[in-house]
Amino acid sequence: MLRLSFFLQIPISSKGRDKLVFSDLYYDEIFNSKVNEDDQFYNLIFTYKLSEKINSMRLPHEKNFEILRNNYIGDVILSLASLYYLEDKKISPKISPKELGEVIKEIKYEELINKTTAYSLKDDSSLEKFILNIIKTLENILDVKKEARKEHGEEWTSKDTMNWLKKDSTYPEILEKVIRKLKQNI
């Protein structure tokens, strides 16, 4: 699932993520026998450690950010965290998740891992700030959705958040808005 979220930029899906992993569409990309085993190992360790970092940040911030109380948000943040490793590249807000996935594949993940310290991630402090900026942007997007619903005299519930995140069209919309916001903060 980590590969699906980070490398293929498919953090959420109404089709069922477990079915996507073993589908004809993604199986060969996820279990690519043409990729060097060492690279596969470092890719896996990297995404696992990044996912751990995101999960460790969620609990302390959950009380301040409603978006973090949703079960699907960890995979969304994992996918968006890929942008941290592309800061030096010019990424357009109109980039598709698939195109972003292609750019992400070019990163040398072995260089981003401290092998001497239990395979920890390098540059933790600025990564945490980056992830917090993503969380704030996601919370802002959620607030706008809730306010729009309120304008129509309806209430936005946690189930609405879950349904919104599970929709296949949601992630490309989120990706564009997050890239725009990050570019404003530069």
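The values are calculated or read from the model by the stated rules, or taken from the named source; none is laboratory data. Note that this is a predicted model, so its numbers are computed, not measured. Methodologically, a virtual Cβ is constructed for each residue, glycine included, from the backbone with ideal geometry; neighbour enumeration extends over all protein chains shown.
Points worth noting:
- When the range 77-96 is filtered for residues that are surrounded by fewer than 17 Cβ atoms within 10 Å (Cβ to Cβ) and not basic (Lys, Arg), the ones remaining, listed by number, are 86, 87, 88, 92, 93, 96.
- Residue identified as in a helix (DSSP H, G or I), in contact with a His (Cβ under 7 Å, 6 or more places away or on another chain), closer than 23 Å to residue 121 by Cβ and modelled with pLDDT of 90 or more among 68, 78, 83: 68
- Scanning the range 91-106 for residues that are within 16 Å of the chain's Cα centre (by Cα), outside any helix (DSSP H, G or I) and of a type outside the set (Ser, Thr, Tyr) returns 91, 93, 95, 105.
- Residue in the range 32-54 that is modelled with the lowest pLDDT, counting only those that are assigned to a helix (DSSP H, G or I) and over 23 Å from residue 83 (Cα atoms): 37
- Residue in the range 97-113 that is surrounded by 14 or more Cβ atoms within 10 Å (Cβ to Cβ) and touching a strand residue (DSSP E or B) at 6+ places or on another chain (Cβ under 8 Å) present: yes
Every residue, every condition in (1) in contact with a Ser or Thr (Cβ under 7 Å, 6 or more places away or on another chain); (2) among the acidic types (Asp, Glu); (3) farther than 23 Å from residue 180 by Cα, yes or no:
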{"position": "52", "(1), (2), (3)": "no, yes, yes"}
{"position": "59", "(1), (2), (3)": "no, no, yes"}
{"position": "102", "(1), (2), (3)": "no, yes, no"}
{"position": "127", "(1), (2), (3)": "no, no, no"}
{"position": "139", "(1), (2), (3)": "no, yes, no"}
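- Single residue of the range 142-185 satisfying the filter (within 14 Å of residue 72 (Cα to Cα) and free of Cβ contacts under 8 Å to residues at least 60 places away in the same chain) that is surrounded by the fewest Cβ atoms within 10 Å (Cβ to Cβ): 159
- Candidates are the residues of the range 1-31 that are among the acidic types (Asp, Glu) and modelled with pLDDT of 65 or more; the one that is farthest from residue 81 (Cα to Cα) is 24.
- The residues of the range 119-141 that are within 16 Å of the chain's Cα centre (by Cα) and either more than 13 Å from residue 77 (Cβ to Cβ) or hydroxyl-bearing (Ser, Thr, Tyr) (or both), listed by number, are 129, 137.
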